[in-house]
Every structure is written in structure tokens, then in C-alpha cells.
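These notes are about the structure you will find just below.
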Amino acid sequence: MEARVSSGVLTKTESPFLSPLHARKLQSLRNMSTLPNTIHTYHQFSNASVYLRSTLSTRNHAFKQAIKDDSREFELSTLTALSPLDGRYWGKVKDLAPYMSEYGLIYFRVLVEIKWLLMLSQIPEVIEVPSFSAEAQSYLLGLIDGFSMDDALEVKKIERVTNHDVKAVEYFLKQKCQSHPEIAKVLEFFHFACTSEDINNLSHALMLKEAMTKVMFPTVDKLVEAICKLAKANAGVSMLSRTHGQPASPTTLGKEMAIFAVRLSRERQEISQVEMMGKFAGAVGNYNAHIVAYPTVNWPQIAEQFVTSLGLKFNPYVTQIETHDYMAKLYYAIIRFNNILIDFDRDIWGYISLGYFKQITKAGEIGSSTMPHKVNPIDFENSEGNLGKANEDLTYLSMKLPISRWQRDLTDSTVLRNMGGGLGHSLLAYKSALQGIGKLQVNEARLSEDLNQAWEVLAEPIQTVMRRYGVPEPYEKLKELTRGRAVTKESIREFIEGLELPEEAKTHLLKLTPHSYVGAAVELAKTVDSAVNVINGSEVLETCR
């Protein structure tokens with residue numbers, strides 16, 4: 001590269017290094033005896049680096065100018081999204097969008113506002129809002145059922161003026177209803193006695209409830225079902241266990257899979273038991289404005305009726321906000337589920353590494369960009385990575401949301417907008433694991449090979465039978481036979497035949513092999529569906545049968 005800056009003379013008081021890279025380069029030059037003039041060479045290198053930086057700066061300026069000249073290229077799309085959930089992985093997580101996006105939040109705000117107006121019309125003391133006709137009720141409910149993306153965009157347009165997202169929903173509904181003669185008379189009862197958080201907390205709870213019910217649980221159940229099937233299909237496939245990474249008492253592949261099916265089912269049940277809670281008690285949780293306006297109405301009772309009518313659990317003791325404790329409970333339960341799945345992903349990754357599983361490939365798929373023979377366990381790696389990211393997001397939400405200064409601060413507001421991230425990365429992880437499970441093919445020959453080379457694992461049953469029949473120092477005798485020595489089928493048989501045991505016991509031991517020494521593993525794997533359904537209820541995983 002031609003140097004464009006003339007070289008100068010270095011002095012002992014000047015620092016000769018523009019960066020650590022230059023320092024390492026200069027040291028390398030000093031160590032090369034073939035270079036007669038190190039300082040001169042350094043000047044060339046330094047000047048070339050200055051030129052390179054100048055060139056990069058020029059190109060960077062040109063790049064920025066190109067962006068400025070054609071900003072359309074960087075409008076939001078799956079290629080320009082900052083979050084990979086909204087970009088690369090959109091196709092796998094978009095089912096959450098109707099519930100966990102801002103569109104979803106606006107939709108549920110509209111639902112809560114309308115349902116509250118309908119509730120007011122049913123309170124006899126609130127004579128200013130008479131009972132609506134069937135036609136008016138149908139009109140209001142139609143605004144919920146027919147809520148569209150254009151409606152959400154209209155709300156956002158109003159928000160640009162109000163600079164308040166909940167007030168924008170109120171104004172949107174007033175606009176929609178001002179042409180209806182019956183509803184137009186009570187427009188000011190939209191948002192009556194409400195603080196924004198009365199609307200928001202119920203909306204957030206409904207968002208979570210719908211997302212969990214419609215998207216997360218069905219995927220979780222498919223995942224548990226897939227592991228269930230993997231367990232039952234391989235109930236009798238013997239496998240060498242490994243404790244501390246070393247050969248241990250054999251098991252079956254199916255039984256090891258069954259463990260994960262049951263563990264995940266247990267946490268799935270915990271997640272489903274979390275009750276989504278809501279409040280509707282005004283600015284600081286005391287129904288202050290409600291009682292001033294209508295002193296004879298039992299507002300706490302009305303609020304409970306309203307919240308439960310939405311399918312939520314009523315929280316009577318609140319500040320301006322619902323305390324979010326249920327959210328922390330929900331997220332921690334999901335984190336526990338995710339941690340178990342990380343354990344599963346890593347175990348499967350390890351079994352693939354050992355050759356216990358092969359992976360079915362599709363025509364045209366590339367395993368490695370440089371090593372054609374490789375089929376990497378990318379689905380389980382992607383699952384593990386996204387579970388970690390999900391848990392990080394959910395952990396922060398769990399720790400932050402229950403904390404609010406005095407009767408409230410606004411920190412929860414912006415944080416709650418990130419609920420979709422933790423669920424999105426979890427959903428992506430579940431689907432990646434499912435995809436990986438679908439590619440697994442058991443390599444029984446490889447499993448058998450490991451067992452055939454691990455006859456030392458029979459030391460455990462032999463010394464246990466020796467204990468039963470009073471043979472002295474059984475553990476020590478087996479330790480001497482097995483530790484640090486190659487143990488074969490022949491050496492084990494020779495040892496057994498030399499024992500002073502009843503003939504029946506000796507015959508039984510001689511029939512043992514690493515393949516057959518699996519205890520109750522086969523039955524445990526075969527009955528995994530029963531265990532799963534006892535935990536979750538037969539209606540959840542009936543397809544496991």
C-alpha cells in the first residue's frame with residue numbers, strides 16, 4: 001500500500017504507537033532479523049495505517065451520505081429490525097404479535113374501556129349512564145371485535161397530539177361513538193374515575209393471559225409430547241450412563257428422555273397455576289374519585305365484579321398500579337421451565353457428540369461452511385442460546401416490576417413494554433428444540449459399542465449381591481478388580497465364578513450384561529405418559545398415549 005503521509009523522525013520522548021496493534025506489529029518487526037532498518041519499516045507501517053484510517057473515514061462518510069440520500073432502505077422491515085425477533089426470527093414468533101405487540105396493548109385498552117362503559121350502564125345508581133339498548137351494546141362490542149390495524153394506527157395518530165397513549169384510546173373511542181345517538185350522550189363516561197393504570201394493568205394481564213393460552217402453552221405441550229414420544233419409542237434402548245463424565249450404571253435412552261418430559265410437565269403445571277391479577281381502584285387504590293361522585297355505590301365490589309368478568313383475579317390491595325407480584329411469579333416459573341430445557345438441550349448436544357444420535361438432513365442443507373462432513377446440532381444450540389436470552393429478560397422483569405416508589409413511579413411503564421421479548425425468545429427456543437427433536441435418529445450400534453466396552457459397570461450389582469450373602473469386603477474386592485484395569489466380559493465371569501455364592505445367585509449374575517443391567521428403566525420410560533398426565537391432567541397431553 002502506498003503511504004500518503006511523509007515519514008518523520010521518532011524521538012525517545014514520543015510514543016511510537018498509534019494503537020496496541022501498532023505496538024504488536026513493531027515488536028514483530030524488531031524480531032525479524034531479515035529487516036535491516038526496523039525504524040524505517042515502522043514508519044512505512046505507521047504511515048500506511050494513517051492512510052487506511054483516512055480512507056475508511058472517507059468511505060464511512062460516503063456510507064452515511066448514502067443512507068441520508070435514500071433513507072427508505074432503512075425503514076422498518078425484517079432486515080432492518082434491531083431485534084432479531086422482529087427480523088430474522090419473525091416467522092417463528094409472529095404468533096405472539098396479536099397479543100404482545102403495541103397493537104395488542106392498544107386492542108386490550110380499547111376492550112377494557114368499552115367493557116367498563118358497559119359495566120357502568122348496569123349500575124342502577126349511575127343514572128347518567130342508562131342501560132344500553134341491544135343495538136348500542138352490539139355497536140360497542142363491534143368496536144372490539146372489528147378492531148383493525150387501521151384503528152390502531154388512528155390511535156397512534158391521536159397520540160402524536162396528546163402525547164399520552166391511554167388518553168389517545170379514550171379520544172379514539174369518543175370519535176368512533178360520537179355519531180351514535182345513544183352512546184354520544186355518555187361519551188364522558190369513557191374512562192370514568194379511571195387512572196391510566198386501571199386500563200393498563202388489565203390490558204397487560206389480558207395480553208399475558210391470551211399469549212400464554214393461545215401461543216405458549218400449545219407449543220410447550222407439543223414439546224413435552226415430542227419428548228414423551230422419544231421416551232416411549234426408546235424405552236428399551238440400553239445406554240451407558242455417565243456420572244461425572246465417567247461410565248456408570250446403565251440406563252435406557254427412553255428413561256433419560258422421560259425424566260425431562262416429567263420435569264417439564266411439572267413446571268408447565270406451575271406456570272398454568274399462576275393467576276393473572278388486576279386492579280381497578282383509581283389513582284392510588286382507594287376509589288377516591290369514585291366515592292366522591294357516587295357515594296352510595298359499593299365500588300370495591302363493582303371493581304371486583306369487573307375484573308373477574310374479564311377472566312382475571314382481583315387484587316384489592318394496590319397503589320396506583322397493580323403490584324406485579326403475579327408477573328414475577330409467572331416469569332420465575334417460565335425461567336425454571338427454560339432451565340430444564342437448557343439441561344435437555346445440553347444433554348442431547350452431548351449425546352449427538354458421542355454419536356448416540358444421528359441427525360436427519362434435508363437436501364441442500366449445509367452443516368458447516370468448510371467441513372462438508374459435519375451436521376452441527378444447531379437447533380439445540382439455538383434453543384439453548386435463546387433460552388439464556390429469555391431468562392435474562394424475564395429475570396430482570398421479575399426483579400424490577402414488583403418494586404415501585406411509594407404509590408408509583410413510571411419505571412414499570414417502559415419496562416412492561418418489553419414483556420414480549422422474554423416470551424418471544426422462549427417461544428423461539430421451544431420451536432428450535434422441537435425442530436431438533438424431529439431430526440434425531442437413534443444410533444443403536446454406537447450405544448451398543450459403548451456398553452460392550454464398559455463391563456466394569458457390573459461391579460455395582462456384583463458387590464451388592466456379595467453384601468447380601470455375607471461375602472467379606474465386597475466393595476474392596478471389586479475395587480481391586482476394576483480400578484485402573486481393563487475389565488472384560490471374561491474377567492468379570494471369572495471373578496463371579498470364583499465367589500462363594502448360592503448357585504442361583506451366581507447364575508443370575510453370570511447372565512448380567514451391561515445391556516441388561518438397566519433396572520426399572522424400561523418400565524419408567526413406557527409409563528411416562530401416565531406420569532405426565534397425573535401432573536397436568538389427562539386433557540393436556542392425551543396425544544402422548
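Residues of region 316-337 that are among the aromatic types (Phe, Trp, Tyr), crowded, with 20+ Cβ neighbours inside 10 Å and either in a loop (DSSP other than H, G, I, E, B) or free of Cβ contacts under 8 Å to residues at least 40 places away in the same chain (or both): none at all.
Select, from Lys176, Lys185, Lys209, Lys156, the only residue that is among the basic types (Lys, Arg), under 24 Å from Ile291 (Cα atoms) and out of contact with any Phe, Trp or Tyr (no Cβ under 8 Å at 6 or more places or on another chain).
On the way: Lys176 fails: under 24 Å from Ile291 (Cα atoms); Lys209 fails: under 24 Å from Ile291 (Cα atoms); Lys156 fails: under 24 Å from Ile291 (Cα atoms).
The match here is Lys185.
One line per residue, one yes/no per condition, for (1) touching an Asp or Glu at 6+ places or on another chain (Cβ under 8 Å); (2) open to solvent by 20 Å² or more (accessible area, probe 1.4 Å):
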residue: Glu456; (1), (2): no, yes
residue: Val465; (1), (2): no, yes
residue: Tyr475; (1), (2): no, yes
residue: Thr482; (1), (2): yes, yes
residue: Glu500; (1), (2): no, yes
residue: Ala505; (1), (2): no, no
residue: Glu523; (1), (2): no, yes
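Considered as a group, the residues in region 166-190 that are touching a Lys or Arg at 6+ places or on another chain (Cβ under 8 Å) and crowded, with 19+ Cβ neighbours inside 10 Å include one that is nearest to Arg408 (Cα to Cα), and that residue is Val166.
Residue pairs whose Cβ atoms lie under 6 Å apart, separated by 6 or more positions or on different chains, with the first residue in region 523-545 and closer than 10 Å to Val262 by Cα and the second at pLDDT 85 or above and of a type in the set (Val, Ile, Thr), are Ala531/Val262.
Residues that are assigned to a helix (DSSP H, G or I), surrounded by fewer than 19 Cβ atoms within 10 Å (Cβ to Cβ) and among the charged types (D, E, K, R) within region 390-416 comprise Glu392, Lys400, listed in sequence order. Checked against (1) within 30 Å of Met212 (Cβ to Cβ); (2) touching a strand residue (DSSP E or B) at 6+ places or on another chain (Cβ under 6 Å); (3) open to solvent by less than 50 Å² (accessible area, probe 1.4 Å), Glu275 meets all criteria but (3). Checking Ala233 against (1) among the aliphatic types (A, V, I, L, M); (2) open to solvent by less than 30 Å² (accessible area, probe 1.4 Å); (3) assigned by the TED database to the domain that holds Leu416, only one condition comes out false. Which one? Unmet condition: (2).
Which residues, counting only those in region 450-492, are free of Cβ contacts under 8 Å to residues at least 12 places away in the same chain and acidic (Asp, Glu)? Residues satisfying the conditions are Glu473, Glu476, Glu480, Glu490.
The values are calculated or read from the model by the stated rules, or taken from the named source; none is laboratory data. Treat the numbers as computed from the prediction; the structure is a model and nothing was measured. Ideal geometry is used to build each Cβ from the backbone, glycine not excepted, and the neighbour counts take in all protein chains shown. Surface accessibility is based on the protein's heavy atoms, side chains included, excluding ligands, DNA and RNA. Shrake-Rupley method; radii C 1.70, N 1.55, O 1.52, S 1.80 Å.
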